[in-house]
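One structure below.
Throughout, read-outs are computed from the coordinates displayed, never taken from laboratory work. Note that this is a predicted model, so its numbers are computed, not measured. Glycine also receives a Cβ, built like all others from the backbone with ideal geometry; neighbour counts cover every protein chain displayed.
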Amino acid sequence: MTKEITTEELAKAIDMTKRKVQTDSDTVDFESQGESKEFKIIHKAASTQSSQLNAMAIAPLDDQGKPDYNNVAVVYAGTNSFGDEGKKGFETAGTAFVGGLSEEYQEAEKFLKQTQQKIASQNGTITDVAGFSQSGGYMMKMAGKYGQEMGFRTTSFDDWGRNQFERLTTSEKQWLQENPEFLIRYQNDSWAALSGRDSKYGTIFSISGVGEHNTLANY
């Protein structure tokens, strides 16, 4: 038996994504709430010289060591910077900063659909989609378009992107306003205003004194 994937587990998975997807490993494990947790990596994307997307689709292992395909999370890492493997993502982050939808979103959307296809043979379900910083910014679009269609919860950590609500269609805006619980947003007070982010859509939690992505697990 497995349990619902927690916010802490999503944060820790995101924090490990850049490193894990560049290896041949097909599992990821970490400690959560004092317990060791292990997840099967069902699908992954590692950044290259032409793409800065780092993403994993993971499923918790049950007591028999089998992946729970009814409890799949898709997690996206933040912007590649100096020292990270693959293309640097400052240009796509800049697009989000001035009010556009990150160019990474198209690749992220493709990854989501590929994951859905992979788990279809297992009658699987994507229950959570989460992202940090630049990928956190387009979680609003993920929620409005695919959260509505597929029924998953979307979690955004320190979203980077100005006026992302305007990137939604009219029907997506209406759905998100009526269903804010499908977009859970964690924002660090120390730099919350830097990207001019939306501040009234989704369910928002403010976190004080939390730093960069390597401390996401503190959420």
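Things to note:
- Under 11 Å, Cβ to Cβ, from ARG167 - net charge with Lys/Arg +1 and Asp/Glu -1: +1
- Charged side chains reduced to their Cβ positions (Lys and Arg at +1, Asp and Glu at -1) give the chain a dipole of some 520 debye around its Cα centre.
- Surrounding net charge for LYS66, when Lys and Arg each add one and Asp and Glu each subtract one, Cβ distance under 12 Å: -3
- Straight Cα distances below 17 angstrom link LYS3 to the aspartates and glutamates ASP29, GLU31, GLU35, GLU38, ASP62, ASP63, ASP68, ASP128, with same-chain residues fewer than 8 positions distant left out.
- Placing +1 on each Lys and Arg Cβ and -1 on each Asp and Glu Cβ, with no other charges, gives segment 1-49 a dipole about its Cα centre of roughly 240 debye.
- Theoretical FRET efficiency, 1/(1+(r/R0)^6), r = Cβ-Cβ of ASN123 and GLU91, R0 30 Å, to 0.05: 0.15
- With both labels modelled 7 Å from their Cα along Cα-to-Cβ, the PHE205 to SER32 distance reads 1.3 nm.
- Every helix of 4 or more DSSP H residues in the chain counts as -39500 (n - 2.57), and over all residues that averages to -7500 deg cm²/dmol at 222 nm.
- Using only side-chain charges placed at the Cβ, +1 for Lys and Arg and -1 for Asp and Glu, the dipole size of segment 90-169 relative to its Cα centre rounds to 260 debye.
- Across LYS20/LYS88; LYS20/LYS110; LYS118/LYS200; LYS66/LYS173, pairs whose alpha-carbon gap is larger than 29 Å: LYS118/LYS200; LYS66/LYS173
- This structure gives Kirkwood radius over Cα pairs in Å, computed directly, and of (i) 17.1; (ii) 19.1; (iii) 20.0 that value is listed as (i).
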